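Only one structure is covered here, and it is reproduced in the block below.
Taken together, the values in this text are just the output of simple stated rules run on the coordinates, not laboratory data. From a predicted model like this one, the values you see are computed outputs, not experimental measurements. Note: ideal-geometry Cβ built from the backbone for every residue, glycine included; neighbour counts use all protein chains shown.
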Amino acid sequence: MKKILCIMVLLSLSLGVQADAALVVHHAVVPEKPPSVMVMGGFMSIENPSEKEIRIVNISSIQFGHIEMHQTMIKDNLAKMIKQEALIVPAKGKLELKRGSYHLMLFNPKVKLKTGDTIELVLTLHNGTSQKVLAKVMPAMLDVDHSHHHH
Amino acid sequence: MIFIAKKTIIRTMQTLESKKPPRLLLVVISVVMLLLGLATVLLWNKYASRQLTEADLPPELAMNYLPDGKPVRGLQMTDHNNQPFTEARFQQHWSFLFFGFTNCPDVCPTTMLVMKQVWQKLPPVAPTEPKPQLIFVSVDPDRDSVAKLKDYVAFYHPEFIAVRGEHDKLDVLVKQLGALYGYEDGPDKNNYTVNHSAQLVLVDPQGNLRAVFSPPFVADELIKTFTHIRQFHKG
């Protein structure tokens, strides 16, 4: 009986860890910016299939000086960007990084990035694990989310 | 009211007739009639113009249109081609103005891209009619050089204009258009962020602040309202 309980605990633990490590990222894009601009915006859809909330506590890329997570807030016609310490992806839920909402700020590209280039991002999660995400540089367009045309 | 006044005049005329010579009477009547006419015209004008400022705005304009346009004056800015930009540049053109900074990752590119769509979709004006202008006002003159602004607006549309001025000159424009901006510290001295007004403002071809549009912006809606405003303003 003790043995069975032990196995069950171990099993649930291992399942938990496995699920925690797996965020599913779709449509990671970085729209092209004018050549002289040193800050780019990053957008993507992040899914968390696990039973527990996952927090992204850091994002980095060897192609950029540094990356911040931000939220755009427009209140009484005043646009503010609120730096986020973490991006929270709810259990069995989704977080959309999109225009006018949560987004990445990618500072000081090491080389000029053009449409079609790939950016390798490393997402560090609250449990210390990390995950690689590939983002595409896309033409400067309003629509950064091609999966939701029906909206 | 006018009817009663006329009756009074007739009565006055009759009493005057019995005592005064007819020539003086005629002069008095003419003057009274003239004054009455003038008063009627003045009252009517006042009434009509008050109607316009309050209730008579078409409902589709009520959200945006400013019946009392505010003249924009005293500008000493520089455009992206390093040419002086004063209020004279508003004359004859409808001008959309937007406040932002080139390092802005979300709000500014989004607005610039919506305005690019507006420019692509706006029905062409007659060749004799001056084209509307989109003017990007940099609220980050310390980092946004003229060269950087030229590169920035050209990236979105070849007709777009950018203007820049040192803080004292920038504030003259920003205040008159009812906008705000401020800075927030970033990771280092060069990477601060800028909080800024996100509205689009419209200046009429006589140089008056005439309409304000609040985000989020949709190209088709902007075009519809702008077309209404242009027609309404014309008369």
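Restricting attention to segment B:92-235, the count of lysine pairs at 8 or more positions apart or across chains with alpha carbons under 20 Å apart stands at 13.
Estimated at 0.36 nm per residue, the fully extended path between B:T86 and B:Q231 surpasses their Cα-Cα distance by 49.6 nm. When the square roots of the Cα gyration tensor eigenvalues are ordered a ≥ b ≥ c, the ratio a/c for segment B:88-235 is 1.5 or more and a/b exceeds b/c, which makes its shape prolate.
So how much slack lies between A:R55 and A:A22, counting 0.36 nm per residue of separation and subtracting their Cα-Cα distance, in nm? The partial results should precede the final answer.
On the way: separation 33, 0.36 × 33 = 11.88 nm, distance 1.19 nm.
Difference between extended and current length: 10.7 nm.
Using 0.36 nm per residue and subtracting the Cα-Cα separation, the extra length available between B:V32 and B:V172 on full extension is 45.4 nm. Using a 7 Å offset from the Cα along the Cα-to-Cβ direction at both B:S214 and B:T40, what is the distance between the two label points in nm, to one decimal? Simple spin-label model gives 4.5 nm for this pair.
Model label points for A:K92 and B:K224, set 7 angstrom from Cα along the Cα-to-Cβ axis, are 4.0 nm apart. Approximating the spin labels as points 7 Å out from Cα along Cα→Cβ, the A:Q71-to-B:D185 distance works out to 2.3 nm. Over segment B:178-220, Cα pairs under 8 Å with separation of 6+ residues give a relative contact order of 26 percent.
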